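Visitor: The structure that follows is given in the form of structure tokens.
The values are calculated or read from the model by the stated rules, or taken from the named source; none is laboratory data. Keep in mind that this is a model prediction, so the values were computed, not measured. A quick note on method: Cβ atoms are made from the backbone with ideal geometry, for glycine too, and the neighbour counts reach across all protein chains shown. Just so you know, the surface numbers come from the protein's heavy atoms only, side chains and all, with ligands and any DNA or RNA stripped out. Shrake-Rupley method; radii C 1.70, N 1.55, O 1.52, S 1.80 Å.
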Amino acid sequence: MPAEVDHAALFAATPSPYLVLRPDLVIVDVNRAYLEATGRTRDDLIGQHVFQAFPDNPNDPEADGTRNLNASLHRVLSTRKQDTMALQKYDIPVVLRPGEFEERWWSPVNTPVMGADGQVAWIIHRVEDVTAFVKAHQAGNLTGVRVGKRLGAAQTLEAELYARARELQRLNEELRQANTREREVAVTLQEAMLHAPDLAHHPHDVAVRYLPAIGSLNVCGDWYDVVDIPPDQVALAVGDVIGHGLEAAAVMGMLRSALSAAIRALERPAQALEVLGLYARSIEGALGTTAVKAVVDRRSHLITYSCAGHPPPVLAHPDGRVELLDRATDPPLGARPMHVPRPQASIPYAPGDTLVLYTDGLIERRKEDIDVGLDRLTRALAECGSLGAERLADTLLTKLGVAGGGRDDIALIVVRL
């Protein structure tokens, strides 16, 4: 049997400086190398917010250490991926001389540690002190002929690499800002187009949710729609456009509006999807879109539905039974070269049943078969199907680990019938 490893001793002895942060950026652990690099003690740091322990140098008007580190740490929280920063000037307070700061240059890497719920439980902040290297080259400003005259060939190459790293950091930050602006515009447009009717006075207990993808440009292709058809029908739809960003938001808006109009003019969900498929052929970026349409009839107590390449809706009963609405599934919009009538099916429901429509971001996980996610959803509904629509919507998002968003957009409709 292999000997048991003392991970606490390993962490303490690691030669690289390490700091461990909670998601709220409070310091919870630190190794000896970090204490030696900063001249601090554990009592100085444990329980402190990282930027209270290490504020910007107030005497340096160009100090941007806290801003850059804060941006990196929040990227880790949102993307759940490691974030490597370029070399960073981040002065630290001099312990024995209050109010004074010492110039320091660091090479930081921030790494997430995931908890059992799939969320970031801690962040490991690893740094290497490169102050000596930077100070040895500062006189030559790290570029141009002056550096070449003062340094040997190897040192000149190191200096050039350093200068390129700083430039790459600047360009990456500009790209992040541009992507963030596009994402914000796209999400704003998406939310404006997803305006729902006044669900508070709806005949059914209805809840809707839209969560844009976290840490990704793959946003704004999903939609939901709730349409009242007098006197006693309600039409429900969710869909997913393949593209992302502003283009996907625009395509989504056109398809959503077209399907909403089609179901008002045509009684059958399959006919509405056929019309939408023909319309999609005339819109760039619309082919391959998936959608599902369901009509709930309060007189006949029937749900009539049709799916275009979309995950099946789920009907949950108060006794814990769960049924997949998968008897009318067809390829996505525009997948066939010629127009073919789409299938349609109906299923009876009883008062107290719950109907759930969703997009694949709710159940799909990377490197996992979609049936695994679908089973996770049906088990959650079997356990919690008796909840009201609003509570159930939030419970499903939590149980499936996407309450704060996932790697893909999520659109969700929950209807207590």
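Visitor: How many Å³ per residue does the convex hull of the Cα positions in segment 52-96 occupy?
Guide: 90
Visitor: Using a cut-off of 11 Å between beta-carbons, work out the net charge of the residues near residue 290 (Lys and Arg +1, Asp and Glu -1, residue 290 not included).
Guide: Here the count lands on -4.
Visitor: At 0.692 mPa s and 37 °C, plugging the Kirkwood radius over alpha-carbon pairs of segment 345-413 into Stokes-Einstein gives what diffusion coefficient in µm²/s?
Guide: 257
Visitor: Next up: Could you state how much accessible area residue 379 has, in square angstrom rounded to the nearest 10, with a 1.4 Å probe and all protein chains kept in place?
Guide: Solvent-accessible area, nearest 10 Å²: 120 Å².
Visitor: Can you sort 407, 104, 268, 366 by 1.4 Å-probe accessible area, starting with the largest?
Guide: The residues order as 366, 407, 268, 104, largest area first.
Visitor: For segment 45-114, state which GluC sites (Glu not before Pro) are in a DSSP loop and have at most 10 other beta carbons lying within 10 Å of their beta carbon.
Guide: Passing sites in segment 45-114 are 62.
Visitor: A follow-up question, please. Roughly to the nearest percent, how much of the accessible area of segment 1-96 is carbon and sulfur, given a 1.4 Å probe?
Guide: 54
Visitor: Starting from 0 in steps of 5 Å, tell me what percent of the Cα-Cα pairs of segment 1-134 lands in each bin.
Guide: Pair shares across the bins are 2, 10, 18, 23, 22, 13, 6, 3, 2, 1, 0, 0.
Visitor: Where the Cα atoms of segment 295-417 are projected onto their three principal axes, how long is each span, largest first, in whole Å?
Guide: Reported extents, whole Å, longest axis first: 43, 42, 19.
Visitor: Work out from phi, with θ = phi - 60° and the Karplus expression 6.51 cos²θ - 1.76 cosθ + 1.60, the ³J(HN,Hα) of each residue of segment 303-319, listed in order in whole Hz, and give x for Gly and Pro.
Guide: Computed from phi, the couplings for segment 303-319 are 10, 10, 8, 8, 10, 10, x, 10, x, x, x, 10, 10, 9, 9, x, 7 Hz.
Visitor: Also: Once the other residues with Cβ under 10 Å from the Cβ of residue 407 are scored (Lys, Arg +1; Asp, Glu -1), what is the net sum?
Guide: 0
Visitor: Give a residue-ordered list of calculated ³J(HN,Hα) values for segment 58-71 (Karplus: 6.51 cos²θ - 1.76 cosθ + 1.60, θ = phi - 60°; whole Hz; x for Gly, Pro).
Guide: Karplus-based 3J(HN,Hα) across segment 58-71 equals x, 8, 10, x, 9, 4, 9, x, 5, 5, 5, 5, 4, 5 Hz.
Visitor: One quarter of the convex hull surface, Cα atoms only: what value does that give for segment 72-117 in nm²?
Guide: 4.6
Visitor: Tell me the net charge near residue 103. Cut-off is 15 Å between Cβ atoms, residue 103 excluded, with +1 for each Lys or Arg and -1 for each Asp or Glu.
Guide: Summing Lys/Arg as +1 and Asp/Glu as -1 gives -4.
Visitor: Given a 1.4 angstrom probe, what's the average accessible area per residue across segment 232-384, in square angstrom?
Guide: Value returned for segment 232-384: 42 Å² of accessible area per residue.
Visitor: Take the alpha carbon atoms of segment 14-69, find their radius of gyration, then divide it by 2.2 N^0.38 Å using N residues; give the quotient.
Guide: 1.17
Visitor: Please list, or write none, the lysines whose alpha carbon is within less than 24 Å of the alpha carbon of residue 367, excluding same-chain residues fewer than 8 places away.
Guide: Cross-link targets: 81, 399.
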